[in-house]
Amino acid sequence: MTIIDNTIRFVKQQLENAEGGHDWFHIERVYKNALLIAQEETCDLTVVKLAALLHDIADSKFHDGDENIGPKTARNFLESQNVSEEIIQHVIAIIENISFKGGNFEKEFHSKELEIVQDADRLDALGAIGIARAFNYGGFKNRPLYNPNIQPKLGMSKEEYKKSEAPTLNHFYEKLLLLKEKMNTETGKKLAEQRHAYMQGFLSQFYAEWDGEK
Ligand code: ADP
Ligand code: NI
């Protein structure tokens, strides 16, 4: 058993009852995308793999907003596997800095490995899977699909973004359609373009159907 195998086992078990958009299969897709992007980059693959596997281990969205529980859970696990302190610190820094949360604040940590895992996570918020995840999350939170009277809010602070109870369609304008311009890597950018175009097509069709056949 390698550390990666043990990590996969641990993550599957931790996310057993997770919401459909943040379950083991989300982690598996992010892991695969991260490995694909990493092929074109110079990076520490162990850090990329561990961070991709552990990035949503205890998301604050599902733990009363507690932003420490994810890093803490990851650290405890990595220490139990005798992973070096240097790698642990890097993986934890990625987990702490990967999330979007409105996107309107300066990140204090940068690394190639963060860029890779962040792009991989963002790709899973786009395209057909991105659409499915957004509506699943909206349903999980009992949000309306769309309400033409509630406008999307751009430039939200981290706190406002986390508290938002807006319809799911607004999330496309508040986050999903902004991601294409935020991609870090060349591979990430290319894949994001395709998925972005697919979502735009979805939105056009959605509004046409909303307005009724004429
Ligand atoms: P965050 O946006 O909090 O940084 P994540 O990267 O964990 O978080 O978000 C993952 C996915 O969860 C989003 O891409 C989307 O599919 C879903 N999601 C998060 N917030 C919302 C929301 N307000 N409405 C719809 N889906 C959401
Ligand atoms: Ni994620």
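The values are calculated or read from the model by the stated rules, or taken from the named source; none is laboratory data. Being a predicted model, the structure only gives us computed values, none of them experimental. So basically every Cβ, Gly included, is an ideal-geometry build from the backbone, and we count neighbours across all protein chains shown. Only protein heavy atoms, including side chains, enter the accessible area calculation; ligands, DNA and RNA are left aside. Shrake-Rupley method; radii C 1.70, N 1.55, O 1.52, S 1.80 Å.
Residues that are under 12 Å from the mean Cα position of the chain (by Cα), outside any helix (DSSP H, G or I), at pLDDT 95 or above and of a type in the set (Asp, Glu): does the stretch 25-47 have at least one? No, the conditions are met nowhere in the stretch 25-47. Under the condition of being open to solvent by less than 60 Å² (accessible area, probe 1.4 Å) and either free of Cβ contacts under 8 Å to residues at least 12 places away in the same chain or charged (D, E, K, R) (or both), the residues counted in the stretch 32-59 number 4. Residues of the stretch 124-141 that are modelled with pLDDT under 95 and assigned to a loop (DSSP other than H, G, I, E, B): Lys141 alone.
Counting the residues of the stretch 30-67 that are over 30 Å from Lys163 (Cα atoms), more than 16 Å from ligand 2 (Cβ to nearest atom) and charged (D, E, K, R) gives 3. Is it fair to say Ser164 is touching a residue at least 40 places away in the same chain (Cβ under 8 Å) and of a type in the set (Gly, Ala, Ser)? So Ser164 fails the test.
If only residues of the stretch 13-23 that are assigned to a helix (DSSP H, G or I) and over 19 Å from Ile92 (Cα atoms) are counted, the one that is nearest to ligand 1 (Cβ to nearest atom) is Gly21.
Do the conditions hold for Arg29, that is, is it within 15 Å of ligand 1 (Cβ to nearest atom) and either β-branched (Val, Ile, Thr) or at negative phi (or both)? Yes.
The set of residues from the stretch 163-179 being part of a helix (DSSP H, G or I) and either buried (at least 19 other Cβ atoms within 10 Å of the Cβ) or near ligand 1 (Cβ under 7 Å from one of its atoms) (or both) comprises Thr168, Leu169, Asn170, His171, Phe172, Glu174, Leu176, Leu179.
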